[in-house]
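As C-alpha cells, the structure follows; a few thoughts come after it.
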Amino acid sequence: MLPLVETKDLKKYFRVPDGWLHAVDGINISIDAGMTLGIVGESGCGKSTLGRLLLQLLEPTDGIIRFQQKDVSSPNKGQLKELRKDMQMIFQDPYSSLNPRMTVAEIISEPMRRYRLYKGAELRERVVNLMNTVGLEQRLENSYPHELDGGRRQRIGIARALALEPKFVVCDEPVSALDVSIQAQILNLMMDLQEEYGLTYMFITHDLSVVKHISDEIAVMYLGQIVEQSPADRLFEQPRHPYSQALLSAIPRPKIRKEQQRIILKGEISSPINPTPGCRFAPRCIHAVDACRTQNQELIEVDQGHFVACQRYDEI
Amino acid sequence: MQSREETNRSRKNYSLWLSAWRRLRKSRMAMFGLALFAIICLGAIFADVIAPYPYDFQNLDETFQFPSAKHWFGTDSVGRDIFSRILYGGRVSLQIGLISVLISVTIGGSLGAIAGYYGGKTDNLIMRTLDILLAIPAILLAITIVTALGPGMFNLMLAIGVSSVPSFARIVRASILSVKEQEFVEAARLSGCNDAHIIFSHLVPNIMAPIIVQVTLSMALSILSASSLSFIGLGIQPPMPEWGAMLSAGRAYIRNYSHIVLFPGLAIMATILSLNLLGDGLRDALDPRLKN
Amino acid sequence: MACVTHLIRALRISEQVMNMDEKILEIENLAVEYRTDDGVVKAVNGLDLTLEKGGTLGLVGETGAGKTTTALSIMRLLPDPQGVITSGSIKFAGKDILSMSKSELRKVRGKHISMVFQDPMTSLNPILTVGDQIAEAIRLHEKISHADAAVRAQSMLERVGIPANRYSEYPHQFSGGMKQRVVIAIALACNPQLLIADEPTTALDVTIQAQVLALMNNLKHDFKTSMIIITHDLGVVAEMCDRVAILYCGEIVEYGSLEDIFERPEHPYTKGLFSSIPDLDTKVPRLTPIPGLAPDPSKLPEGCKFANRCSMRMPECVKADPPVVNLDNLHRVKCLLARGKDAKRHATLG
C-alpha cells in the first residue's frame, strides 16, 4: 500500500539574529491512507511547524514532501490551489481560529465559495449538512463565534476543514484548549468522521493520553527530530528512548500511585539555535555517555515498525 | 430551566457593534460629544432652511451689530449675519473634515495594510517613505501643496488629507501586525483565499476599532488645519464662509467688536471638542479587551 | 511498662487529632456574584469547605465552575465592583476574613496566605530582577534590611532549584518552568500558612510540570504549608492532594479524601469526569463523555444544576436543590441518589 503523505529529510530553519533556528531537522514520515499518525512532543519540538510545512503554510528549507506520490515541496499557484482541496487543518485555539466578524455559516461556507464549488441554495444545503455532521444545531447558522462555547467553536473549525472533502487533515492540538468533558465529545466526533469519510489524520499534541486513544502510530519529537516512532500501543508498553520514557512517566495519572518511581528530567530543553552535532537530548539524559554527545543519532529499527534514535537503546 | 443553548438563541444577532454601542451609551462625555456633533451637523446640513439670511448678503446699514433678536450672533464688518455664516461655514468645515479624512484613510490605510501584511522590504520601503513625509510639519506640507496647486476647496482637502496619510498608515500597519498572526488567517489561506482577499475581507474588518477612533480624531485635526490655512489666507476664498477665515477677517476688530471672532472661535472649539470626546468614548467602547 | 507505651501512644494520637482538628480555613455557605452589563452571574452558590492545618486540598472543576472565584474570595481579591460576596463566611485560622479592614488584609496577604497563579509569563514584573522580586516580598512583611532580604531571597532561589547567582537576572531570561519556580519562591518567601495555587502547572510542558509538582511537594513537607491546588487535571490531584472537592456551577457536589473520590466516587459528575479521560492503561473504542453543556451561570436552573446532563436523573432532581448527604466522616455528596447511603453505612457500623 502506497503512502498518502510522505516526507524525506524535511527541514525548516528560521533565520534569527544569533544564527539559524532548526525548527524541523530531517524528518522522515510516511502516512498511509485512513491512518492516524500521532506527533507528540513538548513546546519547541517543532511539531506545529511540521504540520504547517505539510500544508504549505510554510516553505521547507530542504527535503521533500510527497502527496499521493507526487512531489509537492514547492508547488506553484495552480498546484497549491488543487492541493488545498485535499489537505486541511483543524486548529488548536477555538477562539483565534475563527474570524470574529463572520457568522458560523459564512465561516463554514468560505472554502466552498472561494473554490466556487456551490452556489445559492445548494451551498446553503451543504453548510447545513456539514453542521449536522459535526453536531452543530442548525439554528446557530447566523451566530457569531464569540456567542458560542469552546466545544461548539471547535466543531465549526472541524466543519470548515471538511468543507472541501479533503483526504488528509492535520489536527494541531485540537482538543487541548477544551474542558475535559468536551474533549471526549470532540475526540469521539473526530474518530467517527475518520471512519465515515476515510480521512487520514496527523494528530499533533502534547497530551499522551489523548494521542494514544486516537493514533495508530506515534512519533515522539524532540528539538526538531523524531526520537522514537512506533505503533501506538507498543510505545506505551515499551518506550525505548530515554525521552519517551521520561515523557510517559511524567504524565500525572488520575490514579492514586503508591510511591512510584518517577523519572524527573533535570534541566531545561537546550536551544534549537545552531545545534551542535550529537544527540540533542544528551544534556538531560541520565544514560548519556561521551559518544552520545558527539555522534548524531539515527533511527534504528528495534522491532517491527518500532524505531529509536538512540545508540544505547539496548543498554537501558 | 434555561441552558446556554437557549440563551444563545435569544442573543442570536448580537453583533459586536451592538455591545460597543451599549458601552458607548454609558459614557456621558461621549454621548455629549455625539449630541453636540449631531447638532453641528444638522445645522450645517439644514443651513438653507435654518439660516435667516444668505451667507453673502451684505447690509452696509447694519455693520458691526452686536448679537440681538434680529441677528443672533450679530453682524460683521460688511453687515453679513454671522449666525448664517456660521451655519454655512459648518458645511464647509465638515465637508473638508470628512473628505480629507476619507483620502487619508483610503491611501494611508491601504499603504499601512500592505506594509503590515507583507513585511520585510515592502514594509521598509513604504514606512520609510512615509517617515519622510512625517518629517515635514503638516501645516507646512499643506501650505506647500496649496501654494503649488492653487487655493480652493478641493486642493485644501487634498493637502490636509495627504498630511494625515502617515498616521493612518501607522495605525493600520500596527493593527494588521497584531491580527495577521491569528490562526483564522492561516485557515483563510487553507480555504483558498488570496492575499488581497485576506487583507480586505478578513483583516480589515477586524481592525475597524482603531481606525474609527482615528477617523474621529483626524476629522478634528483636519477642521483645525483648514481653519488655520484659511486664517493665513491659503484656504477657502471669500465670500464662502469658513470659520478660520472669519477669525482672520475679524482679527482687526477684536478689541471693539469681539463677537466677530468669538462665534467662529466657539464653533471651531465646539466641533473639535465634540469629535474628541466622541473619539475617546469610541476608543473605550471598542476596546478589544472588553469584548470577551 | 506496657501502660507507659499505651500512654505515649494515646498522647501521640491525641496530638494528631488535635492537629487534624486545627482548621486553617473554614468557608461556610459562600456565595459570590459578578454584576455585569449582561446580568448577574452566580459564580459561587453556597460553598462549604474546610481545610485542616498541613492538608492539601484539590479543588477540581472545569471552566466556569467557580474555582478561581473561590480562591480570589479567600484573598478578597475579587474585581471591584463587579465581584461581590453576597453571603457566607470565610475564617482563616479562626479570624474572619470578610470583616477585616484593608490594612489588616494587606498584612495577611503574602505573609499568611499566598497565591500562585497560572500564567508565569504575566505574574512576574518584567523590569525587576527575580531576586529583587523575592526580596521585595520579604521586606513587605518583615522589618529586615535590604542586605538581609537579599540573602534570604538567594536562599529561596536555591530552595526552588535555581542557582543563587541568577539573582540579578530578569524574568525574560528564564523559561516558563523556571519562572513558575520564581513565582513559587515569592509565594513561599514569608513562609505562609496557606498557599493557594491556581492551575500552577497548566501552562507548562509535561516534563517541566513533573519537576514543578515534585518541587511543590518537597517544599510542602519542608515548610509544612497547607495548600489548596486548583486544577481541572485529576492527575495533578492524585499527585499532590489528600483531600478533594469537586466543583460544579459554584457548588461542591462531592468532597472527600483522595481515596474516597478516586476509588468510591458517588456523584454522577465525578464519575463522568473520570470516564471522559482517556486512560493510558486501557484502550476503549470510544470515550464516554458527559453529554450536553454546563448551564449558563446567569440563568441557573432550579433543582440540581447537573440534572440536564445526568444519565441517572430522576423526576425529583429538577424540583429542588438536592441535599448534602454525609457518607462517612469525611466523604459527602450533594445528590438525591445518595439518599439512602448514609443510613446504610450507619447500619453496618452500628
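Brief remarks on what is shown
- Charge tally for C:Gly256 (other residues, Cβ to Cβ under 11 Å; Lys, Arg +1; Asp, Glu -1): -4.
- Amide H to amide H, with H built 1.01 Å from N, A:Met89 comes under 5 Å of A:Val170, counting only residues 5 or more places away or on other chains.
- Element breakdown for segment A:2-137 at a 1.4 angstrom probe: carbon and sulfur atoms account for 48% of the accessible area.
- Total buried accessible area between A and B, probe 1.4 Å, nearest 100: 2800 Å².
- Residue-by-residue Karplus 3J(HN,Hα) for segment C:289-305, coefficients 6.51, -1.76, 1.60, Hz, glycine and proline x: x, 7, x, x, 10, 5, x, 5, x, 8, 9, 6, x, 6, x, 5, 6
- Under 5 Å between amide hydrogens, built in the peptide plane, is the criterion, and for B:Ser77 it picks out B:Phe64 among residues at least 5 positions away or on other chains.
- When A and C come together, around 3500 square angstrom of accessible surface is lost from both chains combined, probe 1.4 Å.
- Amide hydrogen proximity for C:Thr50: with H placed 1.01 Å from N in the peptide plane, the residues at 5 or more positions away or on another chain lying under 5 Å are C:Ile27.
- According to the Cα-based calculation, Rg over Rh for segment B:151-285 is 1.17, with Rh computed by the Kirkwood formula.
- Take the Cα of B:Asn256, step 7 Å toward its Cβ, do the same at B:Asp61, and the gap between the two points is 2.1 nm.
- Solvent-accessible surface (1.4 Å probe) assigned to B:Phe46 amounts to roughly 100 Å².
- Nearby lysines by direct alpha-carbon distance to C:Lys224 (threshold 26 angstrom, same-chain neighbours under 8 apart not counted): A:Lys255, A:Lys258, A:Lys266, C:Lys23, C:Lys53, C:Lys67, C:Lys91, C:Lys95, C:Lys107, C:Lys111, C:Lys143, C:Lys179
- Rounded, prolate or oblate (a/c below 1.5 giving rounded, otherwise prolate when a/b exceeds b/c) for the protein assembly as shown by Cα gyration tensor: prolate
- Of the residues in segment A:169-212, those shielded by at least 40 Å² of accessible area once partner protein chains are present, compared with the chain alone at a 1.4 Å probe, are A:Asp179, A:Val180, A:Ser181, A:Ala184, A:Gln185, A:Asn188, A:Ser209, A:Lys212.
- If R0 equals 60 Å, the separation of the Cβ atoms of C:Asp222 and A:Ala121 corresponds to a calculated FRET efficiency of about 0.30.
- Remark: spin-label model distance C:Asn29-B:Leu140 equals 7.5 nm, labels positioned 7 Å along the Cα→Cβ axis.
- Model label points for C:Asn326 and C:Ile144, set 7 angstrom from Cα along the Cα-to-Cβ axis, are 4.4 nm apart.
- Accessible solvent surface per residue of chain B, calculated while the other protein chains remain in place, 1.4 angstrom probe, Å²: 48 Å²
- Counting charges near A:Glu228 (Lys, Arg +1; Asp, Glu -1) among other residues having Cβ under 15 Å from its Cβ returns a value of -2.
- Helix C:130-141 vs. chain C, principal-axis angle (Cα, 0 to 90°, nearest 10): 80 degrees
- Of the accessible area of chain C, computed with a 1.4 Å probe over protein heavy atoms only, carbon and sulfur atoms account for 54 percent.
- Heavy-atom accessible area with a 1.4 Å probe sorts B:Arg85, C:Arg313, B:Arg28, largest first, into B:Arg28, C:Arg313, B:Arg85.
- Converting phi to 3J(HN,Hα) with the Karplus coefficients 6.51, -1.76 and 1.60 and the offset θ = phi - 60°, segment A:57-69 yields 7, 10, 8, x, 7, 7, x, 10, 10, 10, 10, 6, 6 Hz in sequence order, with x at every glycine or proline.
- Average silhouette area of segment C:94-146, convex hull of alpha-carbon atoms, in square nanometres: 5.1 nm²
- Loop-located trypsin sites (Lys or Arg not before Pro) in segment A:56-137, at most 15 other Cβ atoms within 10 Å (DSSP): A:Arg116, A:Lys119
- DSSP-assigned coil residues among GluC sites (Glu not before Pro) in segment B:146-187, each with at most 11 further Cβ atoms within 10 Å: B:Glu181
- Segment A:17-109 has equivalent-ellipsoid semi-axes of 24, 19, 15 Å, by the square roots of 5 times the alpha carbon gyration tensor eigenvalues, sorted largest first.
- When B and C come together, around 900 square angstrom of accessible surface is lost from both chains combined, probe 1.4 Å.
- Share, in percent, of DSSP beta bridges within chain A that are antiparallel, nearest 5: 60 percent
- Solvent accessible area, Å² - A:Arg262, 1.4 Å probe, full protein context: 40 Å²
- When the alpha carbon gyration tensor of chain C is reduced to an equivalent ellipsoid, its three semi-axes come out at 35, 26, 22 angstrom, largest first.
- Segment C:18-81: relative contact order as a whole-number percent, Cα under 8 Å and 6+ apart: 31 percent
- Accessible area in square angstrom per residue, segment A:97-176, 1.4 angstrom probe: 35 Å²
- Zone residues, segment A:38-57, relative to A:Glu82, backbone N less than 18 Å from point 7 Å out along Cα-to-Cβ: A:55-56
The values are calculated or read from the model by the stated rules, or taken from the named source; none is laboratory data. Since this is a predicted model, take the numbers as computed values, not measurements. Every residue, glycine as well, gets a Cβ built from its backbone with ideal geometry; the counts of neighbours run over all protein chains shown. In case anyone asks, the SASA skips ligands and DNA or RNA and just uses the protein heavy atoms, side chains included. Shrake-Rupley method; radii C 1.70, N 1.55, O 1.52, S 1.80 Å.
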